[in-house]
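Q: Before we start, here is the structure in question, set down as structure tokens.
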Amino acid sequence: MAKIAIDPVTRIEGHLRVEAQVDDGQVTDAWSSATMWRGIETILQGRDPRDAWYFTQRI
Amino acid sequence: MPTEIGGLKSALIRRGMARRDFLKFCAAMTAVLALPSRYVPRVAAALEGAARPPLLWLEYQDCAGNTESVLRASKPTVAELVLDVLSLDYHETVMAAAGHQAEKSLMDTVEAYKGQYLVVVEGSIPTKDGGIYCTVGGRTALDLVQEIGGNAAAIIAAGTCAAYGGIPAAAPNPTGAVGVKDLVNGVPVINLPGCPMNVQNLTAVVVHYRTVGAWPATDQRGRPMFAYGSRIHDDCERRAHFDAGQFVEDWGDHGHRKGWCLYKMGCKGPETFHNCPIVRWNDGTSWPIGAGHGCVGCSEPNFWDTMSPFYERLPNVPGFGVEATADKVGLGIVAGVTGVFALHGVASAIRAKAQPVNRSKVEVEEE
């Protein structure tokens, strides 16, 4: 039984961590986590709707 | 063939790049830096000779927009930037290695080139709740930027997020995001704000460092003067329409089709310092105002809060349409920026007022 973690996953836009449970050479379970959060949804609240595209474009 | 490991000359030879193209690149960089053309040979000599410093590109609370800006640039091409001017040892979005392998190569460079390597930071750093809102390889960005940045020769904060916190720091700043300068002491930090920053300015900063042996002069906000020393409004190609009182009143109206001034549509050019109108984007073909959209002020700290709503006119402006008003707006804002900028604003106001008078004098004399 071994657990492997790949962090950071590169050649992607954003931050990602992947963990996998390996039993007898087979992946039996896996987890992925986005390891960065900015709270754009929270930041957008109460703003002029015409500006929304400019904020969400940065996701 | 003599081996010049790490030198630019050998990299150029390997890639079969013509010397003429190399000198063109040097000339372009000299122009961006606003240096006289006699500096071109000096720039060329400096780039050819020395070994390329290792560069570590760190991404934290980012959208990779600055990376896109670098990758999509054609002048300098990404190859010129990455292979010739710098030795890019770590960049999550483009590197082949992943996981432990990637982090090992990062820490190897930090160990081997302590105090010599350059760091580019893209994205802000969250400080709230111990910095858990951004981790790489199990370590927080807060921890990483202090260790890696703290041992660098210098840090270039690429984009408004790395420089001042940017969009994650917009109200209510849910993650306590800050820029690099708030976290790293004792290492020069060059801010290259912009959303995204312009790759020409990044390359020019590095070229300046390699040629002169020092970082370019910066303003109080840590921005190089060569790139952030003049107002968008003063260099704007639509300025004549502003002076003539010709404004776009609605999207797609007669004035918009004619390329008139976007001030009434919310353009923040009068309070934004950046060389966009000169350097431009997409190989110098266009830029936001050129494409018919007002400036949002993306190179100014906290612009997400202070410049929005983006489609509303500048706040507290009683009227507009004449030169005097624009300069009053500029002066009011500039006064809060720096003394140097204030002087610039005054100078442009005086120039704007003086020019028509001078012109009529000349005409009189000619008659």
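The values are calculated or read from the model by the stated rules, or taken from the named source; none is laboratory data. It should be emphasised that the depicted structure is a prediction, and the values quoted were computed from it without experimental measurement. A quick note on method: Cβ atoms are made from the backbone with ideal geometry, for glycine too, and the neighbour counts reach across all protein chains shown. The accessibility values were calculated without ligands, DNA or RNA, using every heavy atom of the protein model including side chains. Shrake-Rupley method; radii C 1.70, N 1.55, O 1.52, S 1.80 Å.
Q: Using only the heavy atoms of the protein chains and a 1.4 Å probe, how would B:Trp260, A:Trp53 rank by accessible area, largest first?
A: On the way: B:Trp260 60, A:Trp53 110 Å².
Highest to lowest solvent-accessible surface, that is A:Trp53, B:Trp260.
Q: I need the Kirkwood Rh of segment B:107-241: take the reciprocal of the average 1/r across all distinct C-alpha pairs and report it in angstrom. Write down the numbers at each step before the final one.
A: Details: mean 1/r = 0.0633 Å⁻¹.
Every distinct Cα pair counted, the radius reaches 15.8 Å.
Q: Still on this structure, please answer the following. Residues with amide H under 5 Å of B:Val136's amide H, sequence separation 5 or more or different chain, H placed in the peptide plane at 1.01 Å from N; which?
A: Excluding prolines and chain starts, which carry no amide H, the hits are B:Ala141.
Q: What's the average, rounded to a whole number, of partner chain beta-carbon atoms within 10 Å of each residue's beta-carbon in A:8-20? Spell out each step's value before the answer.
A: On the way: counts 13, 4, 12, 8, 4, 9, 6, 11, 2, 5, 2, 0, 0.
Mean number of neighbouring Cβ atoms from other chains: 6.
Q: Quick one: pull the percent of accessible area on chain A belonging to carbon and sulfur, 1.4 Å probe, ligands and nucleic acids left out.
A: On the way: 2010 of 3640 Å².
It is 55 percent, rounded to a whole number.
Q: Would you grab the residues whose amide H sits under 5 Å from the one on A:Leu16? Only those 5+ places off in sequence or on another chain, please, with H modelled 1.01 Å from N.
A: It is A:Val9, A:Thr35, by chain and number.
Q: 5 Å is the cut-off here: which amide hydrogens, built 1.01 Å from N in the peptide plane, fall below it relative to B:Ala157, excluding neighbours closer than 5 in sequence?
A: B:Val121, B:Ile190, B:Asn191, B:Leu192
Q: Additional query: Tell me: how much accessible area in total is hidden between B and A, 1.4 Å probe, Å², nearest 100? Before the final figure, lay out each step's value.
A: Numbers: alone 16780 and 5150 Å², together 19070 Å².
The B and A chains share an interface burying roughly 2900 Å².
Q: Another question, if that's okay. Using a 1.4 Å probe on the heavy atoms of the protein chains only, list every residue of segment B:116-151 that has 10 Å² or more less accessible area in the complete assembly than in its chain alone.
A: B:Tyr133, B:Cys134, B:Thr135, B:Val136, B:Gly137, B:Gly138
Q: What whole-number distance in Å separates the alpha-carbon centres of segment B:235-266 and segment A:1-34?
A: Their Cα centres are 53 Å away from one another.
Q: Using a 1.4 angstrom probe, figure out how much accessible area segment B:8-227 has per residue, in square angstrom, rounded to the nearest whole.
A: Details: 7980 Å² over 220 residues.
It amounts to 36 Å² per residue over segment B:8-227.
Q: Peptide A:42-55: average number of partner chain Cβ atoms within 10 Å per residue? Don't skip to the end; give the middle numbers.
A: Numbers: counts 6, 11, 1, 2, 2, 7, 5, 1, 6, 9, 0, 1, 9, 5.
For this peptide, the per-residue mean of nearby foreign Cβ atoms is 5.
Q: Compute the FRET efficiency between B:Asp21 and B:Asp129 as 1/(1 + (r/R0)^6), taking r as their Cβ-Cβ distance and R0 = 60 Å, and round to the nearest 0.05.
A: Details: r = 50 Å, r/R0 = 0.84.
Calculated value: 0.75.
Q: For A:31-38, what's the mean count of beta carbons from other chains sitting within 10 Å of each residue's beta carbon?
A: Numbers: counts 0, 0, 1, 0, 9, 13, 8, 18.
Counting Cβ atoms of other protein chains within 10 Å of each residue's Cβ and averaging gives 6.
Q: Okay, moving on. Working from the alpha-carbon coordinates of segment B:230-327, get Rg over Rh, Rh being the Kirkwood radius. Spell out each step's value before the answer.
A: On the way: Rg = 12.5 Å, Rh = 13.4 Å.
For segment B:230-327, the value is 0.93.
Q: If you plug each phi of segment B:116-126 into the Karplus form 6.51 cos²θ - 1.76 cosθ + 1.60 with θ = phi - 60°, what whole-Hz ³J(HN,Hα) values come out, in order, with x for Gly and Pro?
A: Taking θ as phi minus 60°, the curve returns 10, 7, 9, 10, 10, 10, 10, x, 7, 10, x Hz for segment B:116-126.
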